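Asks: Provided herewith is a single structure, encoded as structure tokens, for subsequent inquiry.
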Amino acid sequence: MRTLTVLGATGSIGGSTLDVVARHPDRYRVFGLSGSQRVDELAELCVRFRPRYAAVVAPPAARRLRALLAQCGCDTEVLEGLQGLVALAAHDDVDTVMAAIVGAAGLEPTLEAARRGKRVLLANKEALVMAGAVFVDACRAGAATVLPIDSEHNAVFQCLPAAAQEDMRALPRGGVRRILLTASGGPFRGRTLEQMAAVMPDEACAHPNWSMGRKISVDSATMMNKGLELIEAHLLFGVPADRLEVVVHPQSVIHSMVEYQDGSVLAQLGNPDMRTPIAHALAYPERIDSGVGALDLAAIGRLDFEAPDAVRFPCLRLAREALQAGGSAPCVLNAANEAAVAAFLEGRIRFTDIARVDERVLDTLGDRPSPSDVAGVLALDAEARSLAQSRVIPELAE
């Protein structure tokens, strides 16, 4: 039986993880859960799964959670603050950590899980993008097992030879020529730049195929999500930027492909449901029921592909530039984008301004050396956010 902590339990990935876990009570025990603002939902999850610990960052949220659990007679102990998240990830009784906290907030607990040699189910791409070599070094130092949860990277992993699965960064020696990441194109694939300038937050959060949180839904709509996945693929698999490509596939049935030197292309297919990659990573190398229905190709009827449009979706171009530049650029881009998406969701800037914020901050701070430790990563992240929030976003909002 695996003992599991779910960081970000009240989000979409956390919910899907617990759905899979609930189908296999003989295989998984929930040891810890974390949440943020949705305290009532976290309390309900604690009552259902009876974890030993639950963690929230804000003290008022922790007090409310303690009160709710006391009313229910649930003996789950509540931890608070960043140290509470880190403790959940690092606890000796935990062997598996689902890292599903959105954005930079998940960096430190995810790093600590890696340092402690856990099986890290990595759904938080931002932690890898912003920390880069620091994260990779932590995984090596702790001999952690990292299994990707993003549907694209999980698909790539499933298409690799067994030797490359054992050491993903040995991929270039596995006969791999290219990795092709598929993208749905988001809800605005057919819109012009002028039409996208008038997009409202609720429109950007309405993904045609996937059920996701608001931040990642906006990233999908701008295609920044796919850009961050390029950086993530480079770091996970050790593949150079010129061997990573994006192809738009509106049906979201093929989740990614691996092309080999002999001309073979292996693809992983499935319904667009995050429970598939989650179940794969939870049980790897075995296979378990995820609750996802069978894929009906006859009903789907067709699979379409097209090249991404870097003019209408400049965030994809910016991410590739950051990948090629290396150094501080990926961390800066991620921080600027988080600030820009938050400003868009709050109605302070237009949808098309997100890329403008990202580019201005990247141009200003993206040419420095890569931070060598967590403190350096967090300092650079804070500087990029500050620049975006105090100068660039106000200028665009005028």
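Every read-out reported here was derived from the displayed coordinates using simple, explicitly stated rules and does not represent laboratory data. Bear in mind the structure is a predicted one, so any value in this text is a computation, not a measurement. Glycine gets a Cβ as well: all are built from the backbone with ideal geometry, and neighbour counts include every protein chain shown.
Asks: Rounded, prolate or oblate for the stretch 175-276? Axes are the square roots of the Cα gyration tensor eigenvalues, ordered a ≥ b ≥ c, and the cut-off for rounded is a/c under 1.5.
Replies: It comes out prolate by the Cα gyration axes.
Asks: Over the chain, what is the percentage of antiparallel beta bridges among all DSSP beta bridges, to the nearest 5?
Replies: Taking every DSSP beta bridge within the chain, about 30 percent pair in antiparallel fashion.
Asks: Can you give the net charge of the other residues whose Cβ lies under 15 Å from the Cβ of residue 350, counting K and R as +1 and D and E as -1?
Replies: With Lys, Arg at +1 and Asp, Glu at -1, the net is -4.
Asks: Sticking with this structure for a sec: To the nearest 20 debye, what charge dipole does the stretch 1-78 have about its Cα centre, counting +1 at the Cβ of each Lys and Arg and -1 at the Cβ of each Asp and Glu? Show your work: numbers first, answer last.
Replies: Numbers: 11 positive and 7 negative charges, 29 e Å.
With Lys and Arg at +1 and Asp and Glu at -1, about 140 debye.
Asks: Cα gyration tensor of the chain, axes a ≥ b ≥ c as square roots of the eigenvalues: rounded (a/c below 1.5), prolate (a/b > b/c) or oblate?
Replies: In terms of gyration-tensor shape, rounded.
Asks: Just in the stretch 322-364: which GluC sites (Glu not before Pro) are loop by DSSP and have at most 15 other Cβ atoms within 10 Å?
Replies: 346
Asks: For the stretch 4-99, give the share of DSSP beta bridges that are antiparallel, in percent and rounded to the nearest 5; count only bridges with both residues there. Mind showing how you got there, number by number?
Replies: Working: 0 of 14 bridges.
Antiparallel bridges make up about 0 percent of those DSSP assigns within the stretch 4-99.
Asks: For residue 194 paired with residue 304, estimate the spin-label separation in nm (one decimal), with each label point 7 Å from Cα along the Cα-to-Cβ line.
Replies: Output for this residue pair reads 2.3 nm.
Asks: Let me ask you something else. If the chain between residue 321 and residue 24 were fully stretched, how many nm would it gain, using 0.36 nm times the residue separation less the Cα-Cα distance?
Replies: 102.6 nm
Asks: On full extension of the chain, what length is gained from residue 266 through residue 93, given 0.36 nm per residue of separation minus the C-alpha to C-alpha distance?
Replies: 58.5 nm
Asks: Then there is this: How large is ³J(HN,Hα), in whole Hz, for each residue of the stretch 277-287 in order, when computed from phi with the Karplus curve 6.51 cos²θ - 1.76 cosθ + 1.60 and θ = phi - 60°, using x for Gly and Pro?
Replies: x, 5, 5, 4, 6, 4, 9, 3, x, 7, 10
Asks: Sort out for me the Cα centre separation of the stretch 281-328 from the stretch 24-43, rounded to whole Å.
Replies: Using only Cα atoms, the two centres lie 27 Å from each other.
Asks: Grab the beta carbon distance between residue 294 and residue 367, set R0 = 45 Å, and tell me the FRET efficiency rounded to 0.05.
Replies: Efficiency at R0 = 45 Å is approximately 0.35.
Asks: Could you work out [θ]222 nm for the chain from helices alone, using -39500 (n - 2.57) per DSSP H run of at least four and dividing by all its residues? Round to the nearest 500 deg cm²/dmol. List each step's numbers first, then the result.
Replies: Details: 20 runs with 191 residues, N = 398.
Mean residue ellipticity at 222 nm (helix-derived): -14000 deg cm²/dmol.
Asks: Rounded, prolate or oblate: which fits the stretch 1-96, taking a ≥ b ≥ c as square roots of the Cα gyration tensor eigenvalues, rounded meaning a/c under 1.5, else prolate when a/b beats b/c?
Replies: In terms of gyration-tensor shape, prolate.
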